[in-house]
Amino acid sequence: MILDVGDGYRMILAGMSRINVALGQFVLMGAPIASMGERGSVVLADGSTQTPQPVLFVELREDGRPIDSSSWWAQGDRPTDGDG
């Protein structure tokens with residue numbers, strides 16, 4: 001999904017299982033635009049189980065060029081499995 005967020009910026013999002021908006025649709029800030037996939041257990045070769053986490057890929061672009069967006073994100077603890 002590519003979002004035109006204005007002033008020459010685009011946000012590229014990937015990893016969603018369902019997109020809830022149509023091409024060219026105007027969306028309001030905070031409106032749900034997509035859903036991440038459900039988590040399920042995977043049985044590994046050693047017999048143990050692992051619960052994979054959905055992964056969201058985010059890239060910001062300015063005038064078509066990727067930019068370092070690390071300063072745009074809030075610092076904090078990364079959620080762990082089930083602490084969401």
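We did not get these values from a lab; they are worked out from the coordinates using the rules stated. For clarity, every value in this text was computed on a predicted model and none was experimentally measured. All Cβ positions, glycine included, derive from the backbone under ideal geometry; neighbour counts span all protein chains shown.
A few notes on this one:
- Modelled spin-label separation between Ala34 and Phe57, with each label point placed 7 Å from Cα along the Cα-to-Cβ direction: 1.0 nm.
- Summed side-chain charge close to Ile12 - residues other than Ile12 whose Cβ falls under 15 Å, Lys, Arg +1, Asp, Glu -1: -2
- Computed on segment 1-73, with alpha-carbon pairs under 8 angstrom and 6+ residues apart, the relative contact order is 33 percent.
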